[in-house]
Amino acid sequence: MSAETPVQSAGTFTRLRLRFRDWRGSRPFWAGVFTLLGGVPIAYFPYATLKLGTMSLTMATTAGAGSLIIGVLLVTLGLTMWFQQATRVFAGVAAIILALVSLVVSNIGGFIIGFLFAMIGGALAVSWMPGKDRPEESKSQDVAGGPADEDTAQPHAEGTFEPGQPFPSYGTSDGGPAHDGGPQGSRAEDRVGGDRVG
């Protein structure tokens, strides 16, 4: 074992973490997590047998098969949110409907735990939107109006002024360069605060 092994393992871990972060950011990850967590208690509790000392407590109901189906469907919808982002709205609405149905079918929605998780997961899936890539945004901003475009800017209409542009020249009625301070007015250099001097 060489001295470079810890560095290589740290690099591998960092690479895997960054890859997972990119994968997680491109899909409704937390919506899938909450939907999966909601399906587990809904499917589990009707078939669970709790033991209190020598006494066993079974929570099975006549609708145990319905609870299992709802739980399995919620787990499937959670995986669908991860791997089929195009169907996220359908999966989110279906998760919310199944969560509501589980209230009457499966021990009050897996003792409210599964119901709340499935509702939160469905709501997150419906509201999730894919983000935009940052490099494309910066390129589009550079193309739209970067520093290179300032030299080739078109002259603005007379009377308008935009920050960062040279101050427009005065027109003939303002005693600008066309009159050279002639009889109709003074030159622009003689103005102070908009008032004419001399």
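The values are calculated or read from the model by the stated rules, or taken from the named source; none is laboratory data. Everything quoted here is computed from the prediction, not taken from an experiment. A quick note on method: Cβ atoms are made from the backbone with ideal geometry, for glycine too, and the neighbour counts reach across all protein chains shown.
Figures for the structure shown
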{"read-out": "Given (1) surrounded by fewer than 17 Cβ atoms within 10 Å (Cβ to Cβ); (2) of a type in the set (D, E, K, R); (3) modelled with pLDDT of 90 or more, number of the condition Glu162 does not satisfy", "value": "(3)"}
{"read-out": "Residue check for Val93: of a type outside the set (D, E, K, R), within 25 Å of the chain's Cα centre (by Cα) and at pLDDT 90 or above", "value": "yes"}
{"read-out": "Count - residues of the range 1-27 that are outside any helix (DSSP H, G or I) and at pLDDT below 60", "value": "4"}
{"read-out": "The range 33-54: number of residues that are free of Cβ contacts under 8 Å to residues at least 12 places away in the same chain and among the hydroxyl-bearing types (Ser, Thr, Tyr)", "value": "2"}
